[in-house]
Amino acid sequence: MIQKLNYLTVDWSLDYNKLFPSQQPILVEIGFGTADYLIHLAETYPDHNVLGFEISSQSMDKAERKVENKNLTNVRPIHSTGETALAYLLEPETVAEFHINYPDPWFKKKHHGRRLIKRETVDMLASRLVIGGQIMLATDIREYADMAHDILSNTPSLTNTFDTPWVDDLEGRFRTKYEMKSYREGRTGHFFIYQRNKTPVNHPPVIKELEMPHLFLHSPLNTSDVIERFEQTRTESNGVHIAILQGYANPSRNTAVFEVVVEEHTIDQHCLLSLSPHNGDNNYIIQMSTVGYSRPTYGMHRAVHALGEWITSLHNNAKITAMKLRD
Ligand SMILES: C[S@@+](CC[C@H](N)C(=O)[O-])C[C@H]1O[C@@H](n2cnc3c(N)ncnc32)[C@H](O)[C@@H]1O
């Protein structure tokens, strides 16, 4: 059985030595759907390693089954948005090719921000490509093609490999499931291939895990008192949204856990923070619970701080005594 991978369980950034038996140039597909094109890449290019990023669990299941049935060792599907992969998983100048086939069009103007192809994503794609590497994009939506052309052609570090904004056919192309349906329904593809040139690029560093967050506090209230006063809180700072949704006390041990949602750059974590006695005398520590699989991100540090502030606001003699947190 291949190990199932998602953005919370893999290394930030990815350690290719753990993923592939031999080190070879990396091809990436974002939004692989049925995974047939992903498998085609792996079979056609055995001298490359292939990574696929997809948000649909059903597509992930299909991809994992296909990889396993075919015994392929040079391809790994990872449950992640493309945006998260670019920010957390892929180092600058490490990818030979990005393949993006028929990204969701998000037709309504108010949803355009959800489109995969936008200024920020294209800049990240350019950063993660090796010099000489390529982005292959296909869309059957003319308006999406116009928008993609506008962004790609205004990216100094990318060069269009065609004389036209896009081409209507690519000889020998492996057709995806979506593509075949689109052609049957009378639409056609618009195909882009852009190459990374030598123009210097701004390389946003990969977002890494931080050290474990800890906050120490003193409070005359015990954990049952704290939970009795519980109120949902929502805060936002520095682009991090934190919701403390629920609290549960375990009076026999004077501990409590809090259910928290942390939303930060491209990722959401739904996790537990614990409050437990530390060094006697009404002293407590807040830290990430060992339940589940959450990562010590900047947002998680802010969540520990938000919880500490709320608990110490409940009593005049309560105070934060120390913390190991990022500002
Ligand atoms: C229109 S389908 C195309 C599927 C496939 N590429 C094909 O051509 O048959 C778009 C796919 O992208 C996936 N997707 C949408 N947004 C994504 C994102 N931000 N990151 C990764 N995958 C995404 C969807 O789950 C879906 O499988």
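Mind telling me which of the residues GLU97, GLU93 ends up being touching a residue at least 40 places away in the same chain (Cβ under 8 Å), at positive phi, out of contact with any Cys (no Cβ under 8 Å at 6 or more places or on another chain) and in the same structural domain as ASP36 (by TED's automatic domain parsing)?
Working: GLU97 fails: at positive phi.
Every option except GLU93 fails the conditions.
Could you tell me which numbered condition LYS109 fails, if it satisfies all but one of (1) away from the ligand (no atom under 15 Å from the Cβ); (2) in contact with a strand residue (DSSP E or B) (Cβ under 8 Å, 6 or more places away or on another chain); (3) under 21 Å from THR139 (Cα atoms)?
(2)
Report whether or not ILE267 is of a type in the set (A, V, I, L, M, F, W, C) and over 16 Å from TRP310 (Cα atoms).
yes
List the pairs whose first member sits in region 177-188 and is within 12 Å of the ligand (Cβ to nearest atom), whose second member is modelled with pLDDT of 95 or more and assigned to a helix (DSSP H, G or I), and whose Cβ atoms are under 7 Å apart, counting only residues at least 6 apart or on separate chains?
LYS177/ASP36
Since ARG114 meets every condition but one in (1) open to solvent by 10 Å² or more (accessible area, probe 1.4 Å); (2) at pLDDT 95 or above; (3) out of contact with any strand residue (DSSP E or B) (no Cβ under 8 Å at 6 or more places or on another chain), which condition does it not meet?
For ARG114, the failing item is (2).
How do the strands (runs of 3 or more DSSP E) wholly within region 219-278 filter down when requiring 1 or more residues that are among the aromatic types (Phe, Trp, Tyr): which remain?
240-250, 255-264
Filter region 26-66 for residues that are free of Cβ contacts under 8 Å to residues at least 12 places away in the same chain and of a type in the set (D, E, K, R); which is nearest to the ligand (Cβ to nearest atom)?
ASP61
Residue check: is PHE216 open to solvent by 20 Å² or more (accessible area, probe 1.4 Å), farther than 30 Å from PHE53 by Cα and either in the same structural domain as THR121 (by TED's automatic domain parsing) or not aliphatic (A, V, I, L, M) (or both)? Give the steps one after another, and end with the answer.
Working: open to solvent by 20 Å² or more (accessible area, probe 1.4 Å): yes; farther than 30 Å from PHE53 by Cα: yes; either in the same structural domain as THR121 (by TED's automatic domain parsing) or not aliphatic (A, V, I, L, M) (or both): yes.
Yes.
Please count how many residues of region 12-21 are more than 16 Å from the ligand (Cβ to nearest atom) and in contact (Cβ under 8 Å) with a residue 24 or more places away in the chain.
So the count comes out to 6.
The values are calculated or read from the model by the stated rules, or taken from the named source; none is laboratory data. Owing to the predicted nature of the structure, the values given are computational and were not obtained by experimental measurement. Neighbour counts are summed over all protein chains in view; Cβ atoms, including those assigned to glycine, are modelled from backbone coordinates with ideal geometry. Each accessible area value is taken on the protein alone, full model and side chains, heavy atoms only, with ligands, DNA and RNA left out. Shrake-Rupley method; radii C 1.70, N 1.55, O 1.52, S 1.80 Å.
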